[in-house]
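Report on the following structure.
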Amino acid sequence: MKYKLGIIDTFTNKTSCIIRLSDSACIPLDEDNTDYQEYLEWVAKGNKAMEADET
Amino acid sequence: MSVAINGTNGITYNDGSLQPSAPVGKNRIINGNMMIDQRNSGGVTTPGNNGYTLDRWNAGLSQSSKYSVQQVVDAPSGFYNSIKATVLATVSLGATDYFMLKHKIEGYNVADLNFGTANPETITLSFWVKSSVTGTFGGGIQNSNESRGNAFNYTISSANTWEYKSVTLTGDTTGTWDKTNGTGLWLNLALGVGTTYSKSTGSWGAGPVLSATGATNLLATSSATIQFTGVQLETGTTATPFEHLQYGQQLALCQRYYEQNYGTNNYEVKIQGITSGLTNSAFKVSKRADATTTVYSSVTQTAGTVNNGNGNVQTAISSVISGKESFWVSMAGTSSQVYTYYFKSSAEL
């Protein structure tokens, strides 16, 4: 598994970020962000990120 | 005071000094003189594919651990640093192999070139190069999705000697060229590229175009080296003198894409106001896109943790909510405690 969903942002009630497990980087859900683009390509191949931690 | 305006080289003042005739910002390459190296501070790195080395310069490679990259203090007159690639293991190129140094230019910074229109600007690339291997080397310029490209080549005549090169290309009249905050134009300086991605020089065509057909493969030679500095891409048909920016100016340009305070005394110090709260840090420079951010304890430098200064307890964070201007660290903290952390934030192309 390469990614985990970040917790729900209580201000927006949306997923806060995508956590890249290899380096604990938090990737914003911004389609201009190349790390997020890479994540979307990974998802498009049928992969699924781990669920977010309980808050 | 008298001046002589020379259309080739710029403006010569009566004291003999030569000033570029183009306005500030003529060089579309950021960190072309290789002075900024936020990530490695001059250390050697063995990059992965698409991994960044010196600021704004990243690596393209089809096989890992075949070459290293380092900022070195070795440059021709008028420069101080260069980027140096060293072959770690030789490669006999397969058709789809590629090894190169890449520089992606943001669309906003090349929008005026009008690529993809009937009236694109002609561009000139110039640089200094030094290699332990002589021969004809290659490169390519592409659009963001690699559907259009143009190959170029240049000859290194003498081993281990700085040589100045320039290449002029007419602009591309077709294709889609990003003119906003994506990759507007993509320069490849090839170290070795197989036949699939090597194309004829002299015209724009379907990509990917990573190098020129028949170019020398640096990776055929054990421990071979190649260095570049003074890389400049400008409009027009003539390579003009390199545009030297103040160090701080260039650092700020780089920080639009990457910023860190890792391993310095400048770690973030935040007093948690509320339990299960958030701390906020502002970027020095607005980012190209919302930034990927990693935080590290200022004590253990463990990713994904912050240090609670009241007893140096390491606390795992819940997430980082990052934008273009700042980021928030979300964690289950304790009110009135002091938390310290480093960060690395990337909005690279």
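The values are calculated or read from the model by the stated rules, or taken from the named source; none is laboratory data. None of the values given here were measured: they were computed from a predicted structure. Because the Cβ atoms are built from the backbone with ideal geometry, glycine has one as well, and the counts that use them run over all protein chains shown. Surface accessibility is based on the protein's heavy atoms, side chains included, excluding ligands, DNA and RNA. Shrake-Rupley method; radii C 1.70, N 1.55, O 1.52, S 1.80 Å.
Could you work out the per residue convex hull volume over the alpha carbons of segment B:227-349, in cubic angstrom?
126 Å³
Strictly greater than 37 Å: what percent of every Cα pair in chain B meets that? It would help to have the intermediate numbers written out before the result.
On the way: 15664 of 60726 pairs.
So the portion of pairs separated by more than 37 Å is 26 percent.
Expressed as a fraction of 2.2 N^0.38 Å, the rule-of-thumb size for a compact globular protein of N residues, what is the C-alpha radius of gyration of the protein assembly as shown?
1.06
Just to be sure I understand: if you take the accessible area of chain A alone plus chain B alone and subtract the pair, with a 1.4 Å probe, what total do you get in Å², rounded to 100?
Interface area, both chains combined: 1300 Å², rounded to the nearest 100.
What FRET efficiency comes out for the pair B:Asn145/A:Lys2, r = Cβ-Cβ distance, R0 = 25 Å, nearest 0.05?
Values: r = 23 Å, r/R0 = 0.94.
Here the calculated transfer efficiency is 0.60.
Determine which aspartates and glutamates satisfy two conditions relative to B:Lys324: a Cα distance under 14 Å, and not lying fewer than 8 residues away in the same chain.
Candidates past the 8-residue exclusion: A:Asp30, A:Glu31, A:Asp32, B:Glu259, B:Asp290, B:Glu348.
Can you give me the orientation-averaged projected area of the convex hull built on the Cα atoms of segment B:219-296, in nm²?
Dividing the Cα hull surface by four gives the mean projection, 10.5 nm².
Hey, what number do you get for the protein assembly as shown at 222 nm if only DSSP H runs of n ≥ 4 count, each worth -39500 (n - 2.57), divided across all residues, to the nearest 500?
Details: 2 runs with 20 residues, N = 404.
Calculated mean residue ellipticity at 222 nm is -1500 deg cm²/dmol.
Which value, in Å² rounded to 10, gives the accessible area of B:Val73 with a 1.4 Å probe and all protein chains present?
Only protein atoms counted, so the area is about 100 Å².
To the nearest 20 debye, what is the magnitude of the charge dipole of the protein assembly as shown about its Cα centre, counting +1 on the Cβ of each Lys and Arg and -1 on the Cβ of each Asp and Glu? Before the final figure, lay out the partial values.
Numbers: 26 positive and 30 negative charges, 88 e Å.
Its charge dipole is roughly 420 debye.
Please report the antiparallel percentage of DSSP beta bridges with both residues in the protein assembly as shown, rounded to the nearest 5.
95 percent
Near the amide H of A:Thr15, under 5 Å away, which other amide H atoms are found, from residues 5 or more places off or on another chain, if H is placed in the peptide plane?
For A:Thr15, the qualifying residues are A:Asp9.
Below 8 Å, C-alpha to C-alpha, sequence gap of six or more: please give me the relative contact order for chain B in percent. Present the calculation step by step, with values, prior to reporting the outcome.
Values: 954 pairs, mean separation 59.8, N = 349.
Once normalised by length, the contact order is 17 percent.
For segment B:183-256, what is one quarter of the convex hull surface built on the Cα atoms, given in nm²?
It is 7.5 nm².
Collect residues whose amide H, placed 1.01 Å from N in the peptide plane, falls under 5 Å from the amide H of B:Gly171; neighbours closer than 5 in sequence don't count.
Amide H to amide H, under 5 Å and 5 or more residues apart or across chains, B:Gly171 pairs with B:Thr122, B:Ile123.
With all pairs of different alpha carbon atoms counted, what Kirkwood hydrodynamic radius in Å does chain A show? Write down the numbers at each step before the final one.
Working: mean 1/r = 0.0878 Å⁻¹.
Radius from the Kirkwood sum: 11.4 Å.
Give the accessible area for B:Asp74 in Å² (nearest 10); use a 1.4 Å probe, count only protein heavy atoms, and leave out ligands, DNA and RNA.
Looks like 50 Å² after rounding.
Can you tell me which lysines have their Cα less than 19 Å from the Cα of B:Lys270? Leave out same-chain residues fewer than eight positions away.
The reachable lysines, counting only those whose Cα sits under 19 Å from B:Lys270, are B:Lys284, B:Lys344.
Along the charge dipole of the protein assembly as shown, Cβ charges K/R +1 and D/E -1, which of A:Cys26, B:Ala118, B:Val44 sits furthest on the positive end?
Farthest towards the positive pole: B:Val44.
Can you give the relative contact order of segment B:97-168 as a percent, counting alpha carbon pairs under 8 Å and 6+ residues apart?
It rounds to 33 percent for segment B:97-168.
To make sure I understand the rule: partners must be lysines, Cα under 20 Å from the Cα of B:Lys26, and not fewer than 8 residues away in the same chain. Which ones qualify?
B:Lys102, B:Lys104, B:Lys165, B:Lys179
Please report the orientation-averaged projected area of segment B:134-266, defined via the convex hull of its C-alpha atoms, in nm².
10.9 nm²
List the residues whose amide H sits under 5 Å from the amide H of B:Ala212, counting only those 5 or more places along or on another chain, with H placed 1.01 Å from N in the peptide plane.
The answer is B:Gly138, B:Gly139, B:Phe152, B:Lys199.
Taking R0 as 45 Å, what FRET efficiency do you get between B:Thr238 and B:Ser326 from their Cβ-Cβ distance, rounded to the nearest 0.05?
That pair, B:Thr238 with B:Ser326, gives E of 0.60.
Taking N as the number of residues in segment B:95-159, what is its alpha-carbon radius of gyration divided by 2.2 N^0.38 Å?
1.35
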